[in-house]
Amino acid sequence: MAFQDRSNALQALEAEFHTERASSLRKLELKMEALLAELAQVEAQLKSRRDKDRAAQIARHQSLRKDAEYQRWCFIVQREACGFFLHDDVDRYYPLPPPWRE
């Protein structure tokens, strides 16, 4: 195989890796956005309800927050794999709400 052919093959492979990393990053971002939206919805319900289902809603909030925290960590790891090492934007655009306190 000629040098130019190998070089082109390596460039194509590297481009494919970049595409996969970016695709994975976007999937994690969408999942995190969905979790944070659901978490906000549960918080709104908790602020307006005081019925028998409240304990279940608090448990749901805790579970969603734990999932969102993990997804946020995965998102940051994937960002670093893509070469993004400053995460101020993640803090600004995807803030994790505090745990629910009664």
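Quick one: ALA9 ticks every box in (1) surrounded by 16 or more Cβ atoms within 10 Å (Cβ to Cβ); (2) part of a helix (DSSP H, G or I); (3) of a type outside the set (Lys, Arg) except a single one, so which number is it?
Here ALA9 meets the rest and fails (1).
Just wondering, is there one or more residues in the range 50-63 that are over 12 Å from the mean Cα position of the chain (by Cα), surrounded by 11 or more Cβ atoms within 10 Å (Cβ to Cβ), assigned to a helix (DSSP H, G or I) and touching a residue at least 40 places away in the same chain (Cβ under 8 Å)?
Within the range 50-63, one or more residues are over 12 Å from the mean Cα position of the chain (by Cα), surrounded by 11 or more Cβ atoms within 10 Å (Cβ to Cβ), assigned to a helix (DSSP H, G or I) and touching a residue at least 40 places away in the same chain (Cβ under 8 Å).
Is it true that TYR70 is exposed (fewer than 12 other Cβ atoms within 10 Å of the Cβ) and either among the aromatic types (Phe, Trp, Tyr) or touching a Gly at 6+ places or on another chain (Cβ under 9 Å) (or both)?
Working: exposed (fewer than 12 other Cβ atoms within 10 Å of the Cβ): no; either among the aromatic types (Phe, Trp, Tyr) or touching a Gly at 6+ places or on another chain (Cβ under 9 Å) (or both): yes.
Answer is no for this residue.
Could you tell me whether the range 45-54 includes any residue that is in contact with a His (Cβ under 9 Å, 6 or more places away or on another chain) and aliphatic (A, V, I, L, M)?
The answer is yes; a qualifying residue exists.
With the requirement that a residue be loosely packed, with under 10 Cβ neighbours inside 10 Å and assigned to a helix (DSSP H, G or I), what does the range 79-102 give you? Working first, answer last.
Quick first cut of the range 79-102, residues loosely packed, with under 10 Cβ neighbours inside 10 Å only: 83, 85-86, 88, 92, 98, 101-102.
Scanning the range 79-102 gives ASP88, ARG92.
Being exposed (fewer than 12 other Cβ atoms within 10 Å of the Cβ), modelled with pLDDT under 90 and not in a helix (DSSP H, G or I) is the requirement here; does LYS47 meet it? Steps first, answer last, please.
Details: exposed (fewer than 12 other Cβ atoms within 10 Å of the Cβ): yes; modelled with pLDDT under 90: yes; not in a helix (DSSP H, G or I): no.
Criteria not met by LYS47.
Which pairs have Cβ atoms under 9 Å, sit 6 or more apart or on different chains, and link a residue in the range 27-42 that is within 21 Å of ARG54 (Cβ to Cβ) to one that is not in a helix (DSSP H, G or I)?
LEU39/LEU96; LEU39/PRO97; ALA40/PRO97; VAL42/TRP100
Scan the range 82-102 and report the pairs whose first residue is over 18 Å from LYS66 (Cβ atoms) and whose second residue is surrounded by 13 or more Cβ atoms within 10 Å (Cβ to Cβ) and hydrophobic (A, V, I, L, M, F, W, C), with Cβ atoms within less than 7 Å and a gap of 6+ or a chain change.
Pairs that qualify, where the first residue is over 18 Å from LYS66 (Cβ atoms) and the partner is surrounded by 13 or more Cβ atoms within 10 Å (Cβ to Cβ) and hydrophobic (A, V, I, L, M, F, W, C), are CYS82/LEU25; HIS87/ILE76.
The values are calculated or read from the model by the stated rules, or taken from the named source; none is laboratory data. Keep in mind the model is a prediction, meaning the values are calculated, not measured. Using ideal geometry, Cβ is built from the backbone for each residue, glycine included, and neighbour counts are taken over all protein chains shown.
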